[in-house]
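The structure under discussion appears below in the form of structure tokens.
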Amino acid sequence: MKTTQKKLPKSQIELEFELTEEEFKKYVQTALEHLKKHVKVDGFREGKAPASMVEDKLKPEALLMEAGDLAVRESYLNYVKEQKMEPVGNPEISITKIAQGSEFVFKAVITILPDVELPDYKEIASKIKSNEISVTDEEVLDSINYLQKTRAKFTLKNAGAEKKDFVNITYQNKDINEGKVVQDKFILGEGGFMAGFEDAIVGMKDGEEKEINVKFPENSPRKDLAGKEALFKVKVISVQKMEVPEINDEFAKQMGAFDTLVALKESVKIGITTEKTEAEKQRKRGEILEKIAEKSKFEMPEAMVEHEKERLLEDLKKKISHQIKISFEEYLASIKKTEAEIKETYQKEAEKRLKGFLILRQIGINEKVEVSDAELDEEIEKSMKSYNLEHAGHNHAKIDKEQLKEYAKGVLFNEKVFKLLEN
């Protein structure tokens, strides 16, 4: 078999395979053996007829296509394995010559991971410093106030709603959710609605309905509605008085193993510090990657960018389904965009993620970063424990062990590369 390579733009390679007449004849025979199991010849049980009689019954193009498929699959896979190539996705196959008693020629266009020319990444990383972490008393108090609300008691009111009451309402607007009724629950004055909306609910009682005129904010995510007048039909389902416990030592004891309010505040402060430290670590890593990317040189594989855009789109679909509870078609109608337009908005984000992946991978190769089996087993066990705790008591889909293994290996690999850069 003769094979030639031709380099194409955007990290693609065209491979041309030419099998001799004798080499292709093997695949024709294999195809005939395979097809005869499904061809009925009078006087013979299925699959037992002589090959020559089966061939007479078969359409010549059916036999050739079966032989071609077998030849393409085996020749391509063997070559890629021998050459230790890393193709991304499936190849684009085109058969250029196929006939009985002749050589067989086909082409395979593949996308490969590009060669990455890196700058002095260690020097770049050394110049990026961490920001100082601090936690204010106000931040601690905000968290304590949040905890206070989680321990609130609710009592139905017969009187009109007041600020700080917990209200359950429905509302309807022709430009939101295709004009369908939406139900919402929130603390009056803290619901995050547009200016004037919650003020208009003050004084309303259970079962009361009202039309409210407000204006969409100028910075509305819906550009077509920004600054426009809006009419909402609102109905109050229930009004509840919300009573929160006093913040003192007794309250601290209710929150866990804390004897005093001071101990609770100290624990909250540690928690916020941990969150901020993690956020700062991710910020710094993002900056390191960005600075290295600015001076790196490589071709952007278009097929990989498209795959990443698809993945981001699927993530959005899941988020809308689980959080907003509407179909993706309804979401598209509400923002007046097509799926293709949404997908296109992910171009820069997809390229950014792909750059990060390629750079970390190349640094790992340069620095001979490896993930041991023991490290991988430990990470998988940790992930499984976390998953089981999170889904305890719920039916959930079976975990794909191979997929989890690949994911865990990627996480550990990237962590090792980042630590190397940080140090």
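The values are calculated or read from the model by the stated rules, or taken from the named source; none is laboratory data. This structure is a prediction, so every number in the text was calculated from the model and none was measured. Positions of Cβ are generated from backbone atoms using ideal geometry, with glycine treated the same way; all protein chains shown enter the neighbour counts.
Here the strands (runs of 3 or more DSSP E) wholly within region 165-278 that include at least 3 residues being under 35 Å from the mean Cα position of the chain (by Cα) and within 30 Å of K336 (Cα to Cα) are 166-172, 182-187.
The test for being assigned to a helix (DSSP H, G or I), farther than 30 Å from F193 by Cβ and of a type outside the set (F, W, Y) does not hold for A108.
When the residues of region 222-249 are filtered to those that are exposed (fewer than 13 other Cβ atoms within 10 Å of the Cβ) and free of Cβ contacts under 8 Å to residues at least 12 places away in the same chain, the one that is farthest from D165 (Cα to Cα) is K223. Does S327 satisfy the criteria of being free of Cβ contacts under 8 Å to residues at least 60 places away in the same chain and of a type in the set (G, A, S)? Here the answer is yes, as S327 does meet what is asked.
In region 89-120, the qualifying residues are those that are under 26 Å from the mean Cα position of the chain (by Cα) and surrounded by 16 or more Cβ atoms within 10 Å (Cβ to Cβ), and the one that is nearest to Q29 (Cα to Cα) is P91. A single entry from I124, I133 fulfils the requirement of being part of a helix (DSSP H, G or I) and in contact with a helix residue (DSSP H, G or I) (Cβ under 8 Å, 6 or more places away or on another chain): I124. Exactly one residue out of A374, A340 is assigned by TED's automatic domain parsing to the domain that holds F418 and either within 24 Å of F418 (Cα to Cα) or over 14 Å from the mean Cα position of the chain (by Cα) (or both), and it is A374. Please verify whether K291 is in contact (Cβ under 8 Å) with a residue 12 or more places away in the chain, out of contact with any Ser or Thr (no Cβ under 9 Å at 6 or more places or on another chain), among the basic types (K, R) and surrounded by 11 or more Cβ atoms within 10 Å (Cβ to Cβ), treating the condition exactly as stated. Against the criterion (in contact (Cβ under 8 Å) with a residue 12 or more places away in the chain, out of contact with any Ser or Thr (no Cβ under 9 Å at 6 or more places or on another chain), among the basic types (K, R) and surrounded by 11 or more Cβ atoms within 10 Å (Cβ to Cβ)), K291 qualifies. Is there a residue in region 141-149 that is among the β-branched types (V, I, T), at pLDDT 95 or above and not in a strand (DSSP E or B)? Yes, region 141-149 has at least one match.
Here are E330, E299: which of them is under 19 Å from K348 (Cβ atoms) and either at pLDDT below 90 or within 21 Å of the chain's Cα centre (by Cα) (or both)?
Of E330, E299, the one residue that is under 19 Å from K348 (Cβ atoms) and either at pLDDT below 90 or within 21 Å of the chain's Cα centre (by Cα) (or both) is E299.
Could you pull out the residue among V88, V105 that is modelled with pLDDT of 95 or more, in contact with a strand residue (DSSP E or B) (Cβ under 8 Å, 6 or more places away or on another chain) and not small (G, A, S)? Just one listed residue meets the conditions, V105.
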